[in-house]
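Let me begin by presenting the structure, written as structure tokens, before commenting on it.
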Amino acid sequence: MRAHFRVCQSDADLAQYALFFIRHQKEFNHQFSLANSLIHILRTVQHSHYILVLDDSDQVVGWGHYRFLNAEQQHDPHGELAFLDSTILLPAYRGGRTFLQGFRFLVNQISAQNPHVRTVQFHALADNDYLNRLYHKFAHRIGQSEGYHGVENVYETDFQSLMQYLLTTKSVDNRIDP
């Protein structure tokens with residue numbers, strides 16, 4: 001399935017993100033309730049940057065968001081760390097092509113917004129074998145933490161190395177799209 005990407009720039013864009021998140025909260029975490037979704041949105045919206053994933057009819061089929069942090073893990077719009085906070089994609093769009101195109105779009109946005117970024121960090125639930133195998137292809141596990149959703153593996157990679165990986169990679173998993 002084809003998808004394209006758009007940066008959230010208006011309240012209407014953020015409303016699309018929030019509505020999609022609330023409608024598909026179980027794709028994010030099967031134990032999430034409406035209250036969990038609203039808290040997550042309110043906790044992250046102030047300092048995050050959002051990217052919508054849209055189908056050919058411009059309907060939202062997913063989103064991702066990130067924020068910039070300093071060495072103390074505090075919000076800093078010029079921070080050297082880009083933390084990829086979370087994403088949701090409808091199952092039909094989870095193939096390697098959409099992931100790779102979306103990741104490239106996201107990394108290009110980060111580069112354009114903040115030339116100070118040196119490191120990218122993200123988490124995956126420790127019991128999610130698929131994501132941990134996938135993330136291991138382009139990042140190093142640097143530890144574990146007790147997250148809001150359970151034990152999470154913490155991944156990190158050099159920003160320039162990630163950009164190079166995304167430029168030279170045709171597919172990131174065995175579900176190679178034509």
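The values are calculated or read from the model by the stated rules, or taken from the named source; none is laboratory data. None of the values given here were measured: they were computed from a predicted structure. All Cβ positions, even for glycine, are placed from backbone atoms using ideal geometry, and neighbour counts span all protein chains on display. Note: areas computed on protein heavy atoms with side chains; ligands, DNA, RNA excluded. Shrake-Rupley method; radii C 1.70, N 1.55, O 1.52, S 1.80 Å.
Taken over region 90-104, the criterion of being open to solvent by 40 Å² or more (accessible area, probe 1.4 Å) and either basic (Lys, Arg) or under 11 Å from the mean Cα position of the chain (by Cα) (or both) is satisfied by Arg94, Arg97, Phe99, Arg104. Of all residues in region 38-56, those satisfying the criterion of being more than 12 Å from Ser86 (Cβ to Cβ), of a type outside the set (A, V, I, L, M, F, W, C) and surrounded by 14 or more Cβ atoms within 10 Å (Cβ to Cβ) are His47, His49, Asp55.
Screening region 57-156 for strands (runs of 3 or more DSSP E) wholly inside it with 2 or more residues that are among the aromatic types (Phe, Trp, Tyr) returns the ranges 60-69.
Considering Gln59, Gln16, the condition of being buried (at least 16 other Cβ atoms within 10 Å of the Cβ), more than 18 Å from His123 (Cβ to Cβ) and among the polar types (S, T, N, Q) is satisfied by Gln16 alone. Taken over region 38-85, residues that are without any contact (Cβ under 8 Å) to a residue 40 or more places away in the chain, of a type in the set (A, V, I, L, M) and farther than 13 Å from His116 by Cα amount to 6. Please find, within region 22-36, the residue that is nearest to His75 (Cα to Cα) out of those that are more than 16 Å from the chain's Cα centre (by Cα) and not charged (D, E, K, R). Top of the filtered list is Asn36. Can we say Arg43 is within 24 Å of Ser145 (Cα to Cα), out of contact with any Phe, Trp or Tyr (no Cβ under 9 Å at 6 or more places or on another chain) and either among the charged types (D, E, K, R) or in a helix (DSSP H, G or I) (or both)? Yes. Looking across region 117-157, the residues that are surrounded by 14 or more Cβ atoms within 10 Å (Cβ to Cβ), touching a residue at least 40 places away in the same chain (Cβ under 8 Å) and under 17 Å from Leu69 (Cβ atoms) come down to Val117, Thr119, Val120, Gln121. Any residue at all in region 160-169 that is open to solvent by 80 Å² or more (accessible area, probe 1.4 Å), over 21 Å from His47 (Cα atoms) and touching a helix residue (DSSP H, G or I) at 6+ places or on another chain (Cβ under 9 Å)? Checking region 160-169: at least one residue is open to solvent by 80 Å² or more (accessible area, probe 1.4 Å), over 21 Å from His47 (Cα atoms) and touching a helix residue (DSSP H, G or I) at 6+ places or on another chain (Cβ under 9 Å). Across region 65-89, the qualifying residues are those that are modelled with pLDDT under 95 and of a type in the set (Ser, Thr, Tyr), and the one among them that is surrounded by the fewest Cβ atoms within 10 Å (Cβ to Cβ) is Ser86.
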